[in-house]
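Participant: This is the structure, below, for whatever I ask next.
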Amino acid sequence: MESGLTSLLSVSIDFETSHLFFPRIIHWLMGGLFALVLALNVVPFLAAVRRGERTLPILGESMDKFRFFGTLALIAAYFYLMDVVGNLFPYTGYGFLFVSVVFVFLMSLMYMHTRTKRKVVTAAINAIVAPSLAWFILAKLFQITLP
């Protein structure tokens, strides 16, 4: 009876693939959100195309191209640089920490409509505290390997 309980309480970790656990969750969440965005926007888009409208609902004049393409560029740079910086400090999670601080700060600045000293300082504090807290909880408390 005791060997059955021991096998239930034992945990085996495959270190070759354990670092892929959270990226898989994120991939599935992003895929689900992408499908939701498509489902909510494809029908009005196709209806506008059929009506022959010149300004389509998704690509209308109200689209903020700077923020849209800036967000795409920052996300691409974030994932690329997380790997690059992570390789400079292997197995520490500093790649995640340092790149996340810069990413959160730049995203905050990009979406800030009016930049005052107070708002920029608040964004800077948030950019330091939020990733640091996430890094501490994931890397130090739960000992999850971060890039």
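Participant: So Pro44 ticks every box in (1) closer than 18 Å to Pro147 by Cβ; (2) at pLDDT below 80; (3) open to solvent by less than 80 Å² (accessible area, probe 1.4 Å) but one. Which box is left unticked?
Facilitator: (1)
Participant: Among the residues of segment 108-131, which ones are open to solvent by 40 Å² or more (accessible area, probe 1.4 Å), in a helix (DSSP H, G or I) and touching a helix residue (DSSP H, G or I) at 6+ places or on another chain (Cβ under 9 Å)?
Facilitator: Result: Tyr111, Lys119, Val120, Thr122, Asn126, Ile128, Ala130.
Participant: A further question follows. Please tell me if Ile26 is outside any helix (DSSP H, G or I) and either among the β-branched types (Val, Ile, Thr) or touching a residue at least 60 places away in the same chain (Cβ under 8 Å) (or both).
Facilitator: No: the conditions fail for Ile26.
The values are calculated or read from the model by the stated rules, or taken from the named source; none is laboratory data. Being a predicted model, the structure only gives us computed values, none of them experimental. Positions of Cβ are generated from backbone atoms using ideal geometry, with glycine treated the same way; all protein chains shown enter the neighbour counts. In case anyone asks, the SASA skips ligands and DNA or RNA and just uses the protein heavy atoms, side chains included. Shrake-Rupley method; radii C 1.70, N 1.55, O 1.52, S 1.80 Å.
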